[in-house]
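Asker: Below: one structure in structure tokens.
Derivation of every value follows stated rules applied to the coordinates shown; laboratory data play no part. Remember, predicted model here, so these are calculated numbers, not experimental data. When we count neighbours, we look across all protein chains shown, and the Cβ atoms used for this are built from the backbone with ideal geometry, even at glycine.
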Amino acid sequence: MLKQKSAIVTGSTSGIGLGIARAFAEQGADVMLNGFGNAQEIEFTRAELQRQFGVKVRYSSADMSQPAQIRALAEMARAEFGKVDIIVNNAGIQHVAPIDTFPDEKWDAVLAINLSSAFHLIKAVAPEMKSRRCGRIVNIASAHGLTASPFKSAYVAAKHGLIGLSKTVAIELAEYGVTCNTICPGYVKTPLVDKQIADQARAHGISEADVVRDVMLVHQARKEFVRVEELAALAVFLCSDAGASMTAGAIAMDGGWTQH
Ligand code: NAD
């Protein structure tokens, strides 16, 4: 579905981003991986995706909290693939703490990586997408872009902001054949959530099993974590020709959580 396309997926060394990068490669797109992690493992993943699906897979270690590195990431993708058809702003971090003790530097980091990075990457590719009159922008927000939970002030603010940014970009670029949508996942069992289980247990003063049952999945009517593959399939659809009229959406894939 994505043959001849090229994509940047930020934060794709792990979790949801890696799942989306894999699905894009499977659909025939060249993919720029990005994110942190063990250099050998990243190179193994890159080479394996390239071998398995016969597409170009490259890797950039750009830090999504650094605007100059984000611009360099866009340049690198253009140099490697000749063009950028798709970007997925997925890189994200979480910090869980009560508002009165929420560390200033964590607030700044969560806002930079989860929200401002999307602004900088969109800004870097928008001229090219406008002039070629095609493009797909997918932002990975969260159910926490639509609703709030305690102890997550920075994350909830960033994800609400990402939906606002996404709608604005969608309206600005619609006449140029560029779509921009936000996917809002419920809880997905990735390394980010594994870490949160422990953090939430401390913040709420309850066990980790209770966090999963009584905090994370309490509103997810389906009572199961969302799967990475389900989110990746939605991203593929949004980036396909069939997604041409779907823009400015904040699409929940959350097992019913935000409809409670
Ligand atoms: P993850 O921790 O598995 O992956 C996060 C990725 O972002 C990794 O590749 C990491 O290296 C990268 N990253 C972190 N900081 C970075 C930086 N400064 N520069 C570049 N890359 C950086 O997490 P995940 O669960 O796959 O989360 C991916 C996205 O999905 C995030 O935006 C997260 O907020 C969102 N999300 C996750 C869930 C969930 O339950 N897991 C739910 C809703 C939304």
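Asker: Can you give the local net charge around ASN34? Use residues other than it whose beta-carbon is closer than 10 angstrom to its beta-carbon, Lys and Arg +1, Asp and Glu -1.
Answerer: 0
Asker: Now for a separate question. Report the antiparallel proportion of the DSSP beta bridges in the chain as a percent, rounded to a multiple of 5.
Answerer: Taking every DSSP beta bridge with both residues in the chain, the antiparallel ones total about 0 percent.
Asker: Classify the chain from the C-alpha gyration tensor, please: rounded if a/c falls under 1.5, else prolate or oblate depending on whether a/b exceeds b/c.
Answerer: prolate
Asker: Past the 18 angstrom mark, what percentage of all C-alpha to C-alpha distances in the stretch 188-260 do you count? Working shown, then result.
Answerer: Numbers: 1346 of 2628 pairs.
Summing the P(r) tail past 18 Å for the stretch 188-260 gives 51 percent.
Asker: Return the aspartates and glutamates within reach of LYS3: Cα separation strictly under 12 angstrom, same-chain partners fewer than 8 residues apart disregarded; answer none if there are no such residues.
Answerer: Within reach: GLU26, ASP30, ASP85, ASP241.
Asker: Check the straight Cα-Cα distances from LYS106 and name the lysines below 24 Å, setting aside those fewer than 8 residues away within the same chain.
Answerer: LYS106 reaches LYS152, LYS159, LYS189, LYS195.
Asker: Sort largest first and round to whole Å: the equivalent ellipsoid semi-axes of the stretch 118-260, each the square root of five times a Cα gyration tensor eigenvalue.
Answerer: 32, 15, 12
Asker: Please state the relative contact order of the chain as a whole percent: Cα pairs under 8 Å, 6+ residues apart? Please report the intermediate quantities before stating the final value.
Answerer: Details: 510 pairs, mean separation 52.4, N = 260.
In percent, rounded to a whole number, it is 20.
Asker: Return the long-range amide H neighbours of PHE151 (sequence gap of 5 or more, or a different chain), with a cut-off of under 5 Å between placed amide H atoms.
Answerer: Those lying under 5 Å, H to H, from PHE151 are ILE99.
Asker: Calculated from DSSP H runs of 4 or more alone, at -39500 (n - 2.57) each and per residue, what is the 222 nm mean residue ellipticity of the chain, nearest 500?
Answerer: -14000 deg cm²/dmol
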